[in-house]
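Accompanying notes for the structure given below.
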Amino acid sequence: MKTISTALLLTLSCPLLASAQSEATDSVSVHDLNEFVIEAPKVIRKADMDVYHPSKSAVENAKNGMQLLNNLMIPSLSVSDALGTIQAAGQSVQVRINGRESTIDQVRALLPETIKRVEWIDNPGLRYGGANYVLNFIVTNPTIGGSFQGQVRPALNEAWGFYMADAKFNVGSSQWEVYAWCMLFTS
């Protein structure tokens with residue numbers, strides 16, 4: 001008899017609970033999302049390299065070539081604009097611009113709008129002089145105009161710090177560049 005009364009009580013209380021829950025209305029209004037776009041750099045995997053095409057947002061959020069490279073988020077690549085280093089798996093990376101060996105400061109002097117693609121070669125072999133890793137920036141230069149870039153980094157532990165200036169002039173298919181840097185030390 002006790003089991004029958006417990007079952008009867010459960011059967012009577014379940015519909016009451018269900019009706020009490022369905023009466024509450026939702027206070028949050030429903031909004032339909034029309035469209036949203038997730039942008040990522042386009043990556044083409046080839047047999048000997050990965051080719052990264054910078055997205056529009058990666059270019060807009062970068063001021064120089066190092067920041068654009070950081071925005072591309074290439075796996076296993078560590079980019080430090082403050083220290084001026086590019087490493088992969090703790091080893092140095094050879095940097096090239098249009099196939100020519102370059103320095104980190106020349107990559108810093110690149111305008112993000114002029115970088116068409118970045119080629120990442122993680123197994124270069126002997127073609128690049130025994131380098132462990134190679135980054136090749138493919139750049140298009142404007143036909144006329146130029147750019148100027150300067151950088152000043154005062155140091156806390158040195159008297160003067162690091163100063164850099166870079167000017168590029170484009171005429172037709174030719175480009176001239178003047179680059180200067182200075183590190184002053186006290187003895």
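What residues qualify as long-range amide H neighbours of residue 117, i.e. H under 5 Å apart, gap of 5 or more or another chain, H built at 1.01 Å from N?
For residue 117, the qualifying residues are 138.
Around residue 55, which amide H atoms from residues at least 5 apart in sequence, or from another chain, sit under 5 Å from its own amide H, with H modelled in the peptide plane?
42
DSSP loop trypsin sites (Lys or Arg not before Pro) in the stretch 97-157 with at most 11 other Cβ atoms within 10 Å of their Cβ, which ones?
Here the sparse-neighbourhood loop sites are 127.
Spelling out what I want: for every residue of the stretch 83-89, take phi, set θ = phi - 60°, compute 6.51 cos²θ - 1.76 cosθ + 1.60 (Karplus), and round to whole Hz; glycine and proline get x.
Working through the residues one at a time gives 8, x, 10, 10, 9, 9, 6 Hz.
Among the chymotrypsin sites (Phe, Trp or Tyr not before Pro) within the stretch 93-187, which fall in a DSSP loop and have no more than 12 other Cβ atoms within 10 Å of their own Cβ?
When the chymotrypsin sites (Phe, Trp or Tyr not before Pro) of the stretch 93-187 are filtered for loop state and at most 12 Cβ neighbours within 10 Å, 160, 185 remain.
First check a/c for the stretch 104-143, with a ≥ b ≥ c the square roots of the eigenvalues of its C-alpha gyration tensor; if it is under 1.5, answer rounded, and if not, answer prolate when a/b is larger than b/c or oblate otherwise.
prolate
Each residue of the stretch 75-82 in turn: what ³J(HN,Hα) in whole Hz from Karplus with 6.51, -1.76, 1.60 and θ = phi - 60°, glycine and Pro shown as x?
x, 6, 9, 10, 10, 10, 5, 5
Please calculate how many Å² of accessible area the stretch 86-187 carries per residue, with a 1.4 Å probe and no DNA, RNA or ligand atoms counted.
Value for the stretch 86-187: 60 Å² per residue.
Quick one: accessible surface of residue 56, probe radius 1.4 Å, all protein chains present, in square angstrom to the nearest 10.
Answer for residue 56: close to 140 Å² accessible.
Can you give me the Rg/Rh ratio for the stretch 128-177, using Cα atoms for both radii and the Kirkwood formula for Rh?
Here Rg/Rh amounts to 1.16.
Between residue 30 and residue 157, what is the label-to-label distance in nm when each label sits 7 Å out along the Cα-to-Cβ direction?
Modelled inter-label distance: 6.2 nm.
The values are calculated or read from the model by the stated rules, or taken from the named source; none is laboratory data. Keep in mind that this is a model prediction, so the values were computed, not measured. All Cβ positions, glycine included, derive from the backbone under ideal geometry; neighbour counts span all protein chains shown. In case anyone asks, the SASA skips ligands and DNA or RNA and just uses the protein heavy atoms, side chains included. Shrake-Rupley method; radii C 1.70, N 1.55, O 1.52, S 1.80 Å.
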